[in-house]
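The values are calculated or read from the model by the stated rules, or taken from the named source; none is laboratory data. Fair warning: this is a prediction, and the values are worked out from it, not measured in the lab. Cβ sites come from the backbone with ideal geometry, for glycine too, and all protein chains shown count toward neighbours. With ligands, DNA and RNA removed, areas are computed over all heavy atoms of the protein, side chains included. Shrake-Rupley method; radii C 1.70, N 1.55, O 1.52, S 1.80 Å.
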Amino acid sequence: MSEPLVTDTPADEPADAESPPLMADATARDIDLSEGERLVRKPMPALEAVNDRFLRNLRVGLFQLIRRSPEVAIDPVQVQRFSEFAGALPAPASFNLVSMLPLRGSAVVICDGALVSALVDALYGGAGKAKGTIEGRDFSPTEQRVIQRLIGVVCAEYNKAWLELYPLNMAHQRSEAHLQFVTIAAPAEMVVATTLRITVGGFEGTLRICTPYAALEPIRDVLYGAQHAKALAEDRRWVNLLTREIQAAEITLMAEIGRPELTVEQLLTMKRGDFIPFDRPSRIALAVDGTPLFNCQFGTHNARYALSIEECLRGEQSHWLGGLHVG
């Protein structure tokens with residue numbers, strides 16, 4: 001839809017009569033309301049924190065899959081048009097559409113041929129030296145099974161990375177061999193892309209996760225919230241749970257009432273009914289595992305021997321009592 005710019009110049013005056021310099025240079029331009037570009041702000045601190053956790057999780061998940069220690073590196077998050085993202089993809093590649101419940105829409109996980117070849121080599125006992133060729137053909141049934149296992153690992157570890165931030169559930173929907181069947185976004189729409197470079201043996205492959213920004217818009221407050229990234233880094237839920245468990249743990253208090261000294265001769269001559277005299281100190285230390293915590297006074301309470309705490313040998317500062325970690 002095109003519409004020229006309209007000025008308030010009277011009809012009986014020339015259009016450029018005594019016009020301000022900016023208005024004199026103004027020209028009509030076309031505005032297409034159907035192709036409005038979505039404004040996307042960067043950086044996304046929460047998403048960067050999720051990707052850092054996903055990096056660590058994926059390294060463990062891949063080790064459990066191939067029984068080798070892969071090297072995994074992650075690139076900064078890229079925000080670009082879907083057409084630009086698709087134009088930079090290598091061939092061949094496996095396109096795996098995944099749902100992102102409870103968000104609407106779908107994302108795509110892309111495994112390039114080099115990564116698939118490296119994983120097949122590792123799973124079937126290869127030494128990581130002979131690189132298979134996939135160019136010019138579709139993925140074989142064996143390679144497709146390896147891809148399915150890889151996508152299962154990616155979905156599981158990605159969900160763990162989001163667990164403390166948002167209940168995102170990535171699940172595999174279907175796989176495609178050609179990009180034209182992947183319709184997660186229009187060519188002009190903005191997408192958020194995460195690229196991971198995985199090295200197995202002597203070969204490097206690439207794993208990409210591409211999500212339409214429109215699908216992430218319902219949680220944009222989460223993506224741009226620095227406090228969410230900080231909470232994710234500190235893992236407050238784990239800290240609070242550990243604090244409660246430690247504070248509920250049972251310990252044994254030991255108090256040394258006295259320490260008499262005897263010779264071996266005195267000990268050998270002792271018989272039933274003998275008493276061992278000792279001097280009771282004015283203050284008795286109450287300790288846990290050899291570490292004194294309190295100075296106490298020995299006495300009785302309700303016809304029972306008891307200790308009255310008179311001094312704490314440990315400060316009551318919050319850092320020692322765990323107060324800083326209690327939400």
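Whose amide H sits under 5 Å from the amide H of Gln80, counting only residues 5 or more places off or on another chain, with H placed in the peptide plane?
Under 5 Å from the amide H of Gln80: Val191, Ala193.
Taking the alpha-carbon centroid of each part, what is the distance from segment 90-124 to segment 60-75 in angstrom?
Measuring centre to centre over Cα atoms gives 15 Å.
In segment 135-195, which GluC sites (Glu not before Pro) fall in coil by DSSP and have 11 or fewer other Cβ atoms within 10 Å?
Qualifying residues, ordered by number: Glu135.
Which percent of the accessible area of segment 99-198 is formed by carbon and sulfur heavy atoms (probe 1.4 angstrom)?
Percent of accessible area from carbon and sulfur atoms in segment 99-198: 54.
Over segment 92-218, give the accessible area per residue in Å² for a 1.4 Å probe, as an integer.
Heavy-atom accessible area per residue stands at 43 Å².
With 21 Å as the cut-off, how large is the P(r) tail for segment 136-292, expressed as percent of Cα-Cα pairs?
72 percent
Please compute the length gained on full extension between Val239 and Ser308, using 0.36 nm multiplied by the number of residues separating them and subtracting their Cα-Cα distance.
Extra length available between Val239 and Ser308 comes to 21.5 nm.
Rounded to the nearest 20 debye, what is the charge dipole size of segment 76-178 about its Cα centre when +1 sits on each Lys and Arg Cβ and -1 on each Asp and Glu Cβ?
Once rounded to the nearest 20, the dipole reads 120 debye.
In whole Hz and in residue order, list the ³J(HN,Hα) couplings for segment 207-220 that follow from phi through the Karplus curve 6.51 cos²θ - 1.76 cosθ + 1.60, θ = phi - 60°; x for Gly and Pro.
Coupling constants for segment 207-220: 10, 10, 10, 10, 10, x, 5, 4, 6, 8, 4, x, 10, 5 Hz.
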